[in-house]
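The values are calculated or read from the model by the stated rules, or taken from the named source; none is laboratory data. Bear in mind that the values here come from a model prediction, so they are computed numbers and not experimental data. All Cβ positions, even for glycine, are placed from backbone atoms using ideal geometry, and neighbour counts span all protein chains on display. Each accessible area value is taken on the protein alone, full model and side chains, heavy atoms only, with ligands, DNA and RNA left out. Shrake-Rupley method; radii C 1.70, N 1.55, O 1.52, S 1.80 Å.
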Amino acid sequence: MVVARKIKFNVVKASCVRTLRQMYQFIRKNRILIGICFIAFLLYTAISVLKHVHFESTGYDLTIFDQAVRGYSHFQVPSSSFRDFHNLLGDHFHPILVLLAPLYWAADTPIMLLIAQALLVLSAVPAIYLFAKKRLDPTTALLFVLVFCYIRLYSELLRLIFMKLLSQFH
């Protein structure tokens, strides 16, 4: 029994070491990609937080999910006073919200959800890059990832410029 446990532990350990080694090699080979992701993460987070602080965030959904994650973080049934649900599990069950609950242990604010949103959106970038790299050359795949990362930021910038121009005509 003890030998079987040691063998299972060694297999798991070897698998973890192999995975970490592959991740390290991927990061070393793709420093530009990691840099693009990091800058995009900072920009997405900054824009989301600034919009939230200036009362421009989408309040309805953010309020509901904020209250749900807060409930999970306090080991309570998720509820929403905004939607008048005493138990959000009767409406929808989102397993990711349970995984986001520890963020609220660090800071009990909806800004943590905005940071997690930026991280989760950009977590798709390595998979998109590898998918595009198999079908295209590496430079084109990198351009494809650039478009994926920055198209939303570009549209947000255009919206801000347009709103600024409209505000001058009042």
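Listing for the model above:
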item	result
Computed over the stretch 48-139, the ratio Rg/Rh where both radii use C-alpha atoms and Rh is Kirkwood	1.11
Accessible surface, the chain, averaged per residue in Å² (probe 1.4 Å)	73 Å²
Cα centroid of the stretch 25-43 to Cα centroid of the stretch 92-111, whole Å	26 Å
Sulfur and carbon atoms: percent of accessible area, the chain [1.4 Å]	70 percent
Relative intensity, log₁₀ I(q)/I(0), of the chain from a Debye sum that treats every alpha carbon as a point, q = 0.08 Å⁻¹	-0.40
Other-chain or far-sequence residues with amide H under 5 Å of Phe85's (modelled H)	Ser80
Helical contribution to [θ] at 222 nm, DSSP H n ≥ 4, -39,500 (n - 2.57), averaged over the chain, rounded to 500	-25000 deg cm²/dmol
By average C-beta atoms within 10 angstrom, highest first, the peptides 39-51, 92-104	39-51, 92-104
Selection from Leu130, Val17, Ala106 lying farthest towards where the dipole of the chain points positive, charges on Cβ	Val17
